[in-house]
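Have a look at the structure below before the remarks.
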Amino acid sequence: MQTEREHFEPLRAGVVGLGWAGEQHLKNYLRMPNVEVVALAGLEGERLRDLGVRYGVSGLHERWEDLVARDDLDIVSVAVPNHLHAPVSIAALDGGRHVLCEKPLARTGAEAERIVDSARKAGRVLEIAFTQRERGDVQALKRHVEEGNLGRIYHAKATWMRRDGIPGMGSWFTSKEMAGGGPLIDLGVHMIDMALYLMDEPEAESVSCATYAELGPQGRGSRGSDDDGTKTIVGDAYEVEDLATAFIRLSGGATLNLEAGWAAYRDSSDDFGVTLYGTDGGAEMKVRNYGTSDTVRIYTDVAGVPAVVAPEIRPREGHLGVVRRFVETIRSGDWKGHDGGDGLRRARIIDACYASALENREVSLRKMADGRR
Ligand SMILES: NC(=O)c1ccc[n+]([C@@H]2O[C@H](COP(=O)([O-])OP(=O)(O)OC[C@H]3O[C@@H](n4cnc5c(N)ncnc54)[C@H](O)[C@@H]3O)[C@@H](O)[C@H]2O)c1
């Protein structure tokens, strides 16, 4: 139930995590009317103090437990390594806070389920920072699809591939225990999200996936722009995949081809995109090096002949859109369905992908669900 505070008074946020992601949460809360950031937590003492001064935040904590234990927070943002998403989110939700958790919701479906259960029990909002979905081009495609222009989408492709983009070789990103996986869980989760969002949330029925670790274990593939050299080194083993490919069967007979790679011998760029094939039209988004202009092509018929439309779309900022929607949802008091269910569905698909890759066969999500009962 919404309180008077949540409706009228400033919402008070605490942000856990001081990396790039945490700073995006912090600065975008400060762009929202009537939202204050009152606390920050993270292990890098100097950066903690620096962010505190720069953004005017006085409650500075090294331990996330101390931030979550505060009694003056309405919101907790979780922007820590993946293995901490569940403990921090669950503690915050159990304490009655609304939670904005970075993607992926968790390392596994089981962990994601525990977080979603806590949100449902607490009756609080849980959103996942699926930031790429907030891009102007994805939002334009979503409107185009919702207007019915593509008819029934029966096949989609979603891909995020880098040449040299292993983030933080030897950091939590390349530890299976801390990250839960490699580019599939890091980049693939964005692309699964984007495709399912654009296709109006079909259920995933089965998955056939293969993963590879070819460049990472040789110490190659980590000179990309995503590796800013600031990550703490936790080990020297490369424990996750560096490329994953999957074929996903969806409800209603549709299919999705997914490809996610941090490192591969290919064009020296960082590229993602989605292609939608529908019964009445098609669409394609191709993003090179995070560019925002001229990314979309719409395929249609004009006067009975094939035509290509290149819409002029205004860019939008991912985290700003995520934070705005999250705050607006809390303010609205209409929290039904805002319980992280989409993050859980993505986590289960990724579970099935890793199981399929391990077992070298197609895996049914229904059978995996039956196994949990
Ligand atoms: N949505 C996006 O576009 C996007 C982009 C980058 C990262 N992310 C996600 O954000 C999360 C963080 O990624 P990052 O690149 O900012 O990581 P990072 O390694 O740069 O920062 C992680 C932060 O967590 C803090 N931390 C770690 N252990 C802690 C503990 N025990 N107590 C308190 N703080 C602790 C660290 O001190 C650090 O400040 C990940 O889940 C990642 O997938 C999302």
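Throughout, read-outs are computed from the coordinates displayed, never taken from laboratory work. What you are looking at is a predicted structure, and each value in this text was computed from that prediction instead of being measured. FYI the Cβ positions are ideal-geometry reconstructions off the backbone, even for glycines, and counts take in every protein chain you see.
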How far is the Cα center of segment 86-130 from the Cα center of segment 5-59, in Å?
-> 19
Rounded to the nearest 0.05, what FRET efficiency do SER364 and TYR290 have when you use their Cβ-Cβ distance and R0 = 41 Å?
-> 0.70
For segment 284-349 the translational diffusion coefficient, Stokes-Einstein from a Kirkwood Rh over Cα pairs at 20 °C and viscosity 1.002 mPa s, in µm²/s, is roughly 138
Whole-Hz couplings from phi, Karplus 6.51/-1.76/1.60, listed for segment 109-123; x for Gly and Pro | x, 5, 5, 4, 4, 5, 5, 5, 4, 5, 5, 5, 5, 6, x
How far apart, in nm, are two points set 7 Å out from the Cα along the Cα-to-Cβ line at ASP117 and at ARG152?
-> 3.7
Ranked by GNM mean-square fluctuation in the chain (Cα springs under 10 Å), the top entry among VAL80, VAL296, VAL308 is VAL308
Expected vector for segment 294-309, Karplus 3J(HN,Hα) from phi with 6.51, -1.76, 1.60 and θ = phi - 60°, integer Hz, x for Gly and Pro, equals 6, 9, 10, 10, 10, 10, 8, 10, 10, 6, x, 10, x, 9, 10, 10
If you look at just the Cα atoms of segment 136-315, how large are its Rg and its Dmax in Å?
-> 17.7, 61
Neighbour-count order for TYR299, TYR29, fewest beta carbons within 10 angstrom listed first = TYR299, TYR29
Using alpha carbon centroids, what distance separates segment 325-345 and segment 179-216, in Å?
-> 22
Fewest-first ranking of LEU215, LEU48, using other Cβ atoms within 10 Å as the exposure measure | LEU48, LEU215
Given the convex hull over the Cα atoms of the chain, what projected area results after averaging over all orientations, in nm²?
-> 19.0
In the chain, what percentage of the DSSP-assigned beta bridges are antiparallel, given to the nearest 5?
-> 60
Which of the lysines could be linked to LYS367 by a straight reach, that is with a Cα gap under 30 Å, when you skip same-chain ones fewer than 8 residues away?
-> LYS103, LYS121, LYS157, LYS176, LYS336
What list do you get for TYR290, TYR354 if you sort them by fewest beta carbons within 10 Å?
-> TYR290, TYR354
Compare the Cα positions of LEU320, PHE247, PRO87 along the charge dipole of the chain (+1 at Cβ of Lys, Arg; -1 at Cβ of Asp, Glu; about the Cα centre) and return the one farthest towards the positive end.
-> PHE247
Cα-centre dipole for the chain with unit charges at Cβ (Lys and Arg positive, Asp and Glu negative), debye to 20 = 320
Highest-MSF residue in the chain out of ASP334, ASP74, ASP94 [GNM, Cα springs under 10 Å] | ASP334
Using modelled amide H (1.01 Å from N, peptide plane; none on Pro or chain starts), what sits under 5 Å from the amide H of GLY151, excluding residues fewer than 5 places away?
-> ASP280
Which loop-located trypsin sites (Lys or Arg not before Pro) does segment 125-171 contain, where loop means any DSSP state but H, G, I, E or B and the Cβ has at most 13 other Cβ atoms within 10 Å?
-> ARG152
Kindly provide the trypsin sites (Lys or Arg not before Pro) of segment 20-114 that DSSP labels as loop, not H, G, I, E or B, and whose Cβ sees at most 15 other Cβ atoms within 10 Å.
-> ARG31, ARG63
Of the trypsin sites (Lys or Arg not before Pro) in segment 287-344, which ones lie in a loop per DSSP and count no more than 10 other C-beta atoms within 10 Å?
-> LYS336
What list of ³J(HN,Hα) couplings, whole Hz, do you get for segment 188-194 from phi and the Karplus terms 6.51, -1.76, 1.60, once you set θ to phi - 60° and write x for glycine and proline?
-> x, 4, 5, 7, 4, 4, 4
Relative contact order (percent) for the chain, with alpha-carbon contacts under 8 angstrom and 6 or more residues of separation?
-> 20
